[in-house]
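The values are calculated or read from the model by the stated rules, or taken from the named source; none is laboratory data. This structure is a prediction, so every number in the text was calculated from the model and none was measured. Don't worry about glycine lacking a Cβ; one is built from the backbone with ideal geometry, like all the others, and counts go over all protein chains shown.
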Amino acid sequence: MNKINFYSHEKVSDHIYVVTENYSMVHRFTIGVITGEHTVAVIDSGLGMTGDLRAYIESFAGRDKPMICLCTHGAIDHIGASKLFDKAYLNPLDAEMIPRAVLTERRLSDLNAFCLQNKEVMEYCREHMLFNEDSTFLDVKEGDSFDLGGGIVVEPIATPGHSKGHLAYLCRRDGIAFVGDAINADVHIKQLNRQGLYGYAGMLRRFLSIAGEDVVMYAGHLNRAHRTDVVLNLAAACEEAADGKTWGDPPGETIFTEKSGNPDIRMHYHGNCCIIYNRGLLEE
């Protein structure tokens, strides 16, 4: 079978790139690349259904520097190709996610949903997939920092809620942050109860207080820049849902068959942003 390239990229500052891993026109994964004078930091590593990610990044960032992978959280579509890099980092609060996230059959099952059951993609990835059961991670938490050289420093910021140990990574010099699944036009926080939603809203506002209101954010599944209004809309959506202002909220379905059909999974919108929540937990 002829080679398939699942990657594309865009340069968004002098030393920052946004790579997109594309398995269909609608399901994509964002990977950040921040280049310093002596080190390259890769933020997240996608689903990793081939072993091509590092070589692709080297094609525009060069091969002369070590590369580290900074994972926002331990989900299957964020740590997939982390083993390709010289070191990989993950908040230990998410370590419990790793055993399930590296299971070969589960990765293939999720890929089948992400690629919209495309047989050509499935056949290619079965033949070329990166086996990552031996992935290992060093600990990282808020308060750490990564000096890439030339004044380029990456700061982890705690953004828990989507997962226990979720981190965003800020390059303060450029005012750009890679925020994983914590901030997006839609955020999945189905495991949170009423107090959890209030806490999530507080986390979002805390993130802005640290990163600054002019921060530009790239989310894990949408390769366009987000601004402060997205964060504030998500915080408002959390507080409205927690306050019980959920009348008429539509169902929040999923592409994963085994998780679909729960009538309590709902979407609450504020502005053009939404949270996907479990209304059953709000009644406890």
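Summary table
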{"read-out": "Residues of the stretch 208-252 satisfying the condition of being over 21 Å from VAL153 (Cα atoms), of a type in the set (Ser, Thr, Tyr) and in a helix (DSSP H, G or I)", "value": "THR228"}
{"read-out": "Which listed residue is over 25 Å from GLU155 (Cβ atoms) and either more than 18 Å from the chain's Cα centre (by Cα) or small (Gly, Ala, Ser) (or both), from LEU111, LEU116", "value": "LEU116"}
{"read-out": "Counted residues, the stretch 35-47 - those being more than 13 Å from the chain's Cα centre (by Cα) and farther than 19 Å from LEU138 by Cα", "value": "4"}
{"read-out": "Qualifying positions in the stretch 139-170 - among the hydrophobic types (A, V, I, L, M, F, W, C) and more than 18 Å from SER45 (Cβ to Cβ)", "value": "ILE152, VAL153, ILE157, ALA158, LEU170"}
{"read-out": "Selection status of ALA201, out of contact with any His (no Cβ under 8 Å at 6 or more places or on another chain) and assigned by TED's automatic domain parsing to the domain that holds THR30", "value": "no"}
{"read-out": "Selection count where residues are over 19 Å from ILE98 (Cα atoms) and not acidic (Asp, Glu), scope the stretch 128-157", "value": "13"}
{"read-out": "Residues (surrounded by fewer than 21 Cβ atoms within 10 Å (Cβ to Cβ), out of contact with any Pro (no Cβ under 9 Å at 6 or more places or on another chain) and either outside any strand (DSSP E or B) or among the hydroxyl-bearing types (Ser, Thr, Tyr) (or both)) located in the stretch 138-185", "value": "GLY150, GLY151, PRO160, LYS164, ARG172, ARG173, ASP174, GLY175, ALA185"}
{"read-out": "Selection from the stretch 53-87 of residues that are under 15 Å from the mean Cα position of the chain (by Cα) and either surrounded by fewer than 20 Cβ atoms within 10 Å (Cβ to Cβ) or among the aliphatic types (A, V, I, L, M) (or both)", "value": "LEU70, ALA75, ILE76, ILE79, ALA81"}
{"read-out": "Test for ASP249: is it without any contact (Cβ under 8 Å) to a residue 24 or more places away in the chain, touching a strand residue (DSSP E or B) at 6+ places or on another chain (Cβ under 7 Å) and surrounded by 13 or more Cβ atoms within 10 Å (Cβ to Cβ)", "value": "no"}
{"read-out": "Out of ASN272, ASN223, ASN193, ASN262, sole residue that is of a type in the set (S, T, N, Q), outside the structural domain of LEU47 (by TED's automatic domain parsing) and touching a strand residue (DSSP E or B) at 6+ places or on another chain (Cβ under 6 Å)", "value": "ASN223"}
{"read-out": "Residue that is touching a helix residue (DSSP H, G or I) at 6+ places or on another chain (Cβ under 7 Å) and assigned by TED's automatic domain parsing to the domain that holds ALA75, where the choices are VAL12, VAL18, VAL33, VAL26", "value": "VAL33"}
{"read-out": "The stretch 81-131: number of residues that are closer than 30 Å to GLU142 by Cβ and of a type outside the set (Phe, Trp, Tyr)", "value": "25"}
